[in-house]
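S.K.: Take this structure, written in structure tokens, and hold onto it; I'll ask about it next.
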Amino acid sequence: MDISVKNQELTNALCNALVIGVFEDDKTLTQSQKKLDSSLGGLISDYIIKKEGFKGKFADSEIVPTYLKIPSDKIMLVGLGKKKEFTNTKLVELSAKVIKQLDKTLNVKNVCFELLGVQSGNFDTQKCAQAISEGILIATYDFDKYKSKKSNSQIKKVKITTDNTKDEKLAKAGVNCAKIICSAMDFTKDLINEPAQNATPEAISEIAKNLGTDLGLEFSVYNKKQLQQMNFNTFLAVGQGSAHEPKFIHLAYKPTKKAKKKIVLIGKGITFDSGGLDIKPANSMLTMKTDMSGCATVLGIIQAIAALKPDVEVHALSALCENMPSGTSYKQGDIITAKNGKTIEVDNTDAEGRLTLADVLTYADELEADEIIDIATLTGACIVALGQNITGIMGNNPDTIKKIIQKGKECGEALWELPIFDDMQDMLKSDVADMRNTGSRFAGASVAGRFLQNFTKSKNWVHLDIAGTAFIDKPYRELNKGATGVLIRTLTNHIMSM
Ligand code: BES
Ligand code: MN
Ligand code: ZN
């Protein structure tokens, strides 16, 4: 899909469909819309005033014919809803709906958008163009790599229309940002959707290496032998039942100027979670190729960061392995010494994510970062608590948690804080080791967070549980079902605002 910006009158826009919007509670036409209306002999105002059903409610739409009086074949009049409620996240959702509808409508190949709803004053031209582009690019993502019949979108070209050179420049910047963010999201979604048979630790580490080479990032990968020397014992224990060798990857973006901040991102990288000897029931295993979503997310973020080039040093770490039952698997009752020296009794081999993250958190401490964020499809309990559209957030720094929740709000990604209480450590008590890797069935997401806290010394650590949000089975707002690329928008913006 090719999205560009063009400075032109709406009356001159050459396309199959021209998309314009009106508010439910203020149907006054903008200057450009008025000109368009008069070229059509007042047809648009007629539709708005007389047509039953078009109330301008959010995402309402109406096709208005142009009878060849202007270069555009038809006009799509869309409702923007209430003026006050129209934010850029609403615009992302709306553009996604519009593009899907136009794609289904026959013969639409070229579409022009006005700067929808910019007259609300709730956001500027750049944000408006960015939101429209994000909605379009996110909505048209499809994983059809393995289908003989590709579901290619009919729409080839989208032009966002501006009416002066200043806006044109701003809109171009917005479109450019959207392209960077959305190509990172596409990359992440592709990697999550890829079956575990291909997305092995080895294959993902190759992808990360190529990403590093293409973007000029520092890259290291460590194999089993090296990891043994580095004392990544809990990570290696999880991977020891698999035929695929575990890999630990470390990518780093370093700004040319002196870095204002240093941030470490850690992504859970279980390429398939069978549960191990505590094997999962078939149904729960169906989507477990997605258990490396955290890894795919941190790779996507560092890709976007390499393009946006902030003065922030960003590290992306992931311990990649498969959790499989076999003769060499780690077992219930095994006692493992983590990289930081604490001993863990394996209570459940299906609570593997926290074990792989433990060693990486300890490794991350050595980087002496200002902020450490881990992203993991960690607990079914988080899905029970928050569902598929809200990410769980917890950690030891209330200010950072608040900031990230706020960034999420601005990007249309919902996060909700879950508590970590110190005495939750009691639930992890073991008779034979410093702790065990699971608690009871209560407060599962929080107890997993409490477990992780044992392995970081950082005073600014945030844990994000994306078990529910990384992969959805029903479309939601602008998102199609399948992998979502959740948190790429939120965390990229979080880093950009440091
Ligand atoms: N990868 C799963 C969590 C998960 C579940 C992610 C559903 C996405 C969808 C994780 O490794 C796991 O198995 N967690 C267990 C922990 C339990 C054994 C304490 C869980 O949530 O059941
Ligand atoms: Mn598991
Ligand atoms: Zn898992």
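The values are calculated or read from the model by the stated rules, or taken from the named source; none is laboratory data. All values derive from a computational prediction rather than experimental measurement. Here the Cβ positions follow ideal geometry from the backbone for every residue, glycine too, while neighbour counts run over all protein chains shown. Quick note on the areas: whole protein, heavy atoms, side chains included, nothing else; ligands and nucleic acids left out. Shrake-Rupley method; radii C 1.70, N 1.55, O 1.52, S 1.80 Å.
Yes or no, residue by residue, for (1) assigned by TED's automatic domain parsing to the domain that holds L487; (2) part of a loop (DSSP other than H, G, I, E, B); (3) among the charged types (D, E, K, R); (4) over 30 Å from G294 (Cα atoms):
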| site | (1), (2), (3), (4) |
| --- | --- |
| G81 | no, yes, no, yes |
| L102 | no, no, no, yes |
| F123 | no, yes, no, yes |
| L137 | no, no, no, no |
| I155 | no, yes, no, yes |
| I160 | no, no, no, yes |
| K166 | no, no, yes, yes |
| A184 | no, no, no, no |
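S.K.: Got at least one residue in the stretch 409-421 being touching a helix residue (DSSP H, G or I) at 6+ places or on another chain (Cβ under 8 Å), touching a residue at least 40 places away in the same chain (Cβ under 8 Å), within 20 Å of S183 (Cα to Cα) and charged (D, E, K, R)?
M.R.: Yes, the stretch 409-421 has at least one match.
S.K.: Among the candidates K402, K407, single out the residue that is basic (K, R), farther than 30 Å from K339 by Cα and surrounded by 17 or more Cβ atoms within 10 Å (Cβ to Cβ).
M.R.: On inspection, the qualifying residue turns out to be K407.
S.K.: Within 16 Å of ligand 3 (Cβ to nearest atom), on the phi > 0 side of the Ramachandran plot and modelled with pLDDT of 95 or more, is that true of G269?
M.R.: So G269 does not fit the description; no.
S.K.: Considering the stretch 208-231 alone, what residues qualify as being of a type outside the set (G, A, S), touching a helix residue (DSSP H, G or I) at 6+ places or on another chain (Cβ under 7 Å) and part of a helix (DSSP H, G or I)?
M.R.: L211, L215, K224, L227, Q228
S.K.: Among the listed residues L308, L277, L320, L236, which satisfies the condition of being within 16 Å of ligand 1 (Cβ to nearest atom), open to solvent by 10 Å² or more (accessible area, probe 1.4 Å) and modelled with pLDDT of 95 or more?
M.R.: L277
S.K.: Shifting gears a bit: If I filter the stretch 32-50 for residues that are at negative phi, in a loop (DSSP other than H, G, I, E, B) and open to solvent by 20 Å² or more (accessible area, probe 1.4 Å), do I get at least one hit?
M.R.: Taking every residue of the stretch 32-50 in turn, none turns out to be at negative phi, in a loop (DSSP other than H, G, I, E, B) and open to solvent by 20 Å² or more (accessible area, probe 1.4 Å).
S.K.: State whether the residues of the stretch 445-453 include one that is over 27 Å from S284 (Cβ atoms), crowded, with 21+ Cβ neighbours inside 10 Å and touching a helix residue (DSSP H, G or I) at 6+ places or on another chain (Cβ under 6 Å).
M.R.: No.
S.K.: Can you say whether Q332 is open to solvent by 10 Å² or more (accessible area, probe 1.4 Å) and within 16 Å of ligand 1 (Cβ to nearest atom), as far as the supplied structure shows?
M.R.: yes
S.K.: For the condition open to solvent by less than 60 Å² (accessible area, probe 1.4 Å) and of a type outside the set (K, R), what is the one hit in L227, L215?
M.R.: Only one candidate passes the filter, namely L227.
S.K.: Residue pairs, Cβ under 7 Å, 6 or more apart or interchain, first in the stretch 459-471 and in the same structural domain as N396 (by TED's automatic domain parsing) and open to solvent by 10 Å² or more (accessible area, probe 1.4 Å), second in a loop (DSSP other than H, G, I, E, B) and within 13 Å of ligand 3 (Cβ to nearest atom). List them.
M.R.: Pairs that qualify, where the first residue is in the same structural domain as N396 (by TED's automatic domain parsing) and open to solvent by 10 Å² or more (accessible area, probe 1.4 Å) and the partner is in a loop (DSSP other than H, G, I, E, B) and within 13 Å of ligand 3 (Cβ to nearest atom), are A467/T377; A467/L378; A467/T379; F471/T287.
S.K.: How many residues, within the stretch 364-378, are surrounded by fewer than 24 Cβ atoms within 10 Å (Cβ to Cβ) and in contact (Cβ under 8 Å) with a residue 40 or more places away in the chain?
M.R.: Qualifying residue count, the stretch 364-378: 6.
S.K.: If you don't mind, there's one more thing I want to ask. Consider only pairs whose beta carbons are under 7 Å apart and that are at least six residues apart or on different chains; among these, list those whose first residue lies in the stretch 273-292 and is in contact (Cβ under 8 Å) with a residue 12 or more places away in the chain and whose second residue is part of a helix (DSSP H, G or I) and away from ligand 2 (no atom under 12 Å from the Cβ).
M.R.: Hits for this filter: T290/I192; M292/I204.
S.K.: Given the conditions (1) buried (at least 18 other Cβ atoms within 10 Å of the Cβ); (2) in a helix (DSSP H, G or I), and given that V5 satisfies all but one, which numbered condition is not satisfied?
M.R.: Going through (1) buried (at least 18 other Cβ atoms within 10 Å of the Cβ); (2) in a helix (DSSP H, G or I) one by one, V5 breaks only (2).
S.K.: Return the total of residues in the stretch 72-99 being open to solvent by 10 Å² or more (accessible area, probe 1.4 Å) and either on the phi > 0 side of the Ramachandran plot or touching a strand residue (DSSP E or B) at 6+ places or on another chain (Cβ under 9 Å) (or both).
M.R.: Selection size over the stretch 72-99: 3.
S.K.: Mind telling me which of the residues L491, L418, L487 ends up being open to solvent by less than 30 Å² (accessible area, probe 1.4 Å), more than 16 Å from ligand 3 (Cβ to nearest atom) and over 21 Å from A364 (Cα atoms)?
M.R.: L418
S.K.: Of the numbered conditions (1) away from ligand 1 (no atom under 14 Å from the Cβ); (2) within 17 Å of the chain's Cα centre (by Cα); (3) open to solvent by less than 10 Å² (accessible area, probe 1.4 Å), F248 satisfies every one except a single condition; which is it?
M.R.: (2)
S.K.: Would you be able to say whether some residue in the stretch 346-358 is more than 13 Å from ligand 1 (Cβ to nearest atom), over 25 Å from I279 (Cα atoms) and either outside the structural domain of G267 (by TED's automatic domain parsing) or surrounded by 22 or more Cβ atoms within 10 Å (Cβ to Cβ) (or both)?
M.R.: No, every residue in the stretch 346-358 fails to be more than 13 Å from ligand 1 (Cβ to nearest atom), over 25 Å from I279 (Cα atoms) and either outside the structural domain of G267 (by TED's automatic domain parsing) or surrounded by 22 or more Cβ atoms within 10 Å (Cβ to Cβ) (or both).
S.K.: So, in the stretch 252-290, of the ones that are away from ligand 2 (no atom under 16 Å from the Cβ) and of a type in the set (S, T, Y), which residue ends up farthest from the chain's Cα centre (by Cα)?
M.R.: This residue is T256.
S.K.: Further, regarding this structure: Does at least one position in the stretch 360-378 carry a residue that is farther than 28 Å from A203 by Cα, hydrophobic (A, V, I, L, M, F, W, C) and more than 13 Å from ligand 3 (Cβ to nearest atom)?
M.R.: Among the residues of the stretch 360-378, at least one is farther than 28 Å from A203 by Cα, hydrophobic (A, V, I, L, M, F, W, C) and more than 13 Å from ligand 3 (Cβ to nearest atom), which makes the answer yes.
S.K.: When the stretch 60-71 is examined, which residues are found to be crowded, with 16+ Cβ neighbours inside 10 Å and in contact with a Ser or Thr (Cβ under 7 Å, 6 or more places away or on another chain)?
M.R.: T66, I70
S.K.: Let me ask you something else. Test each condition in (1) open to solvent by less than 50 Å² (accessible area, probe 1.4 Å); (2) at negative phi for D434 and report the one that comes out false.
M.R.: Single failed check for D434: (1).
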